1. Of all residues being touching a helix residue (DSSP H, G or I) at 6+ places or on another chain (Cβ under 9 Å) and basic (Lys, Arg) in the stretch 225-243, which is modelled with the highest pLDDT? Just the residue, please.
2. If Ala179 satisfies every condition in (1) outside any loop (DSSP other than H, G, I, E, B); (2) closer than 24 Å to Gln99 by Cβ but one, which is the exception?
3. Checking the conditions here, which among Tyr130, Tyr156, Tyr142 is in contact with a helix residue (DSSP H, G or I) (Cβ under 7 Å, 6 or more places away or on another chain), surrounded by fewer than 20 Cβ atoms within 10 Å (Cβ to Cβ), modelled with pLDDT of 95 or more and of a type outside the set (Val, Ile, Thr)?
4. Restricting the stretch 196-228 to residues that are charged (D, E, K, R) and surrounded by 15 or more Cβ atoms within 10 Å (Cβ to Cβ), which is nearest to the chain's Cα centre (by Cα)?
5. Could you tell me how many of the residues in the stretch 78-97 are buried (at least 21 other Cβ atoms within 10 Å of the Cβ) and either among the hydroxyl-bearing types (Ser, Thr, Tyr) or in contact with a Lys or Arg (Cβ under 8 Å, 6 or more places away or on another chain) (or both)?
6. Assuming Asp10 fulfils every condition listed in (1) closer than 14 Å to Leu78 by Cβ; (2) surrounded by fewer than 20 Cβ atoms within 10 Å (Cβ to Cβ) apart from one, which condition is it?
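The values are calculated or read from the model by the stated rules, or taken from the named source; none is laboratory data. Predicted model only: the values in this text are computed from it and were never measured. Here the Cβ is made from the backbone with ideal geometry for all residues, glycine too, and neighbour counts use every protein chain on show.
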Amino acid sequence: MSTPKRLVVDLETKRSFDEVGGADNRAALGVSVVGVYDYAEDRFQAFREDGFGALTELLRGADEVVGFNLIGFDWPVLAAELGAWVTELPTLDLMIEAQKALGRRVSLDALAQATLGGGKSGSGLDALAYYHAGDWERLERYCLDDVKLTRDLYEYARKHGQLFYQKGPRRAPIPMSFAEHPLAPLFREVARERASVQMRYGGKVRQVDVTSFDGAYVRGFCRLRQKQLTFRLDKVEEAVKVASSTPLF
C-alpha cells in the first residue's frame with residue numbers, strides 16, 4: 001500500500017476583515033502567500049500568486065491536507081483564487097478536532113504554548129504589514145512558521161492522542177482522535193448542494209435544510225422547530241439525504 005500524500009497548509013491574506021467589511025466577505029481578503037509542508041518531500045514551500053499553478057497541482061494530488069481553521073477560513077479564501085474545488089479537499093482541521101473534544105474554539109497559539117512550550121512567531125497583523133511593505137522574506141517566514149507549528153501539533157496529537165490548553169493555572173488535556181465521523185461525507189455533500197437531510201437527533205426525527213457544515217457542526221433550517229438551528233455532528237444518530245419536500249416519517 002502506498003504512503004498517503006499528506007500536506008500541511010496555511011495562508012496569509014492581502015487584506016484584513018476591516019478592509020473588506022467583515023468576516024462574511026472573507027472571499028475578498030485575497031491571498032498573499034500559501035505555505036505548505038509536503039510530507040513526501042520533507043520540504044517546506046511558500047507559493048506566491050505566480051506559483052498558484054504549481055500549488056494547484058500539489059493540492060489536487062493530496063490524499064489529506066492538515067491545517068488549522070482550513071474549513072472556516074483558509075479554504076473559503078483560497079477558493080476565491082483557485083476555485084470551489086479546494087473546499088472539497090480531504091481535510092483534517094485541527095481547530096475543529098479540538099473544538100469537537102473541548103466544546104469551544106481554542107487558538108493555534110494557545111494550543112502550541114500549552115502543548116509544545118512555544119507559540120506563534122507573530123500575528124496576522126504582522127503578516128499584513130509585511131505584505132504591504134513588500135517584505136516577502138519575512139512574510140513567507142511567518143507563514144511557514146505557522147505551518148511548522150501546525151505540523152508539530154499534528155505530530156504530537158498522533159503520537160500522544162491529545163493536545164493541551166491552559167485552564168487557569170494548569171495545563172488541561174484535549175483528547176484527539178482523527179477518525180472521521182461516518183456521516184461527515186454526507187453532510188459535506190449536502191452542505192455543498194444546499195440540500196436537505198432527514199436525521200435522528202436527540203431522540204427525534206428532524207428534516208433540516210442544511211446551509212453549512214464545518215466538520216463539527218451542522219447548521220440549517222429545522223422543519224420540526226421552524227427555525228435556524230445548529231446541531232453537533234457527534235450527536236446525530238443517523239441521517240439520510242432527502243428531497244426538500246420529503247415529509248417527516
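1. Restricting to residues being touching a helix residue (DSSP H, G or I) at 6+ places or on another chain (Cβ under 9 Å) and basic (Lys, Arg), the top hit is Lys241.
2. All conditions are met except number (1).
3. On inspection, the qualifying residue turns out to be Tyr156.
4. Going through the qualifying residues, I end up with Asp214.
5. 2
6. Every listed condition holds for Asp10 apart from (2).
Yes/no per residue for (1) outside the structural domain of Val33 (by TED's automatic domain parsing); (2) on the phi > 0 side of the Ramachandran plot; (3) in contact with a strand residue (DSSP E or B) (Cβ under 7 Å, 6 or more places away or on another chain); (4) not polar (S, T, N, Q):
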{"site": "Arg151", "(1), (2), (3), (4)": "no, no, yes, yes"}
{"site": "Gln166", "(1), (2), (3), (4)": "no, no, no, no"}
{"site": "Val197", "(1), (2), (3), (4)": "yes, no, yes, yes"}
{"site": "Lys204", "(1), (2), (3), (4)": "yes, no, no, yes"}
{"site": "Leu224", "(1), (2), (3), (4)": "yes, no, yes, yes"}
{"site": "Leu229", "(1), (2), (3), (4)": "yes, no, yes, yes"}
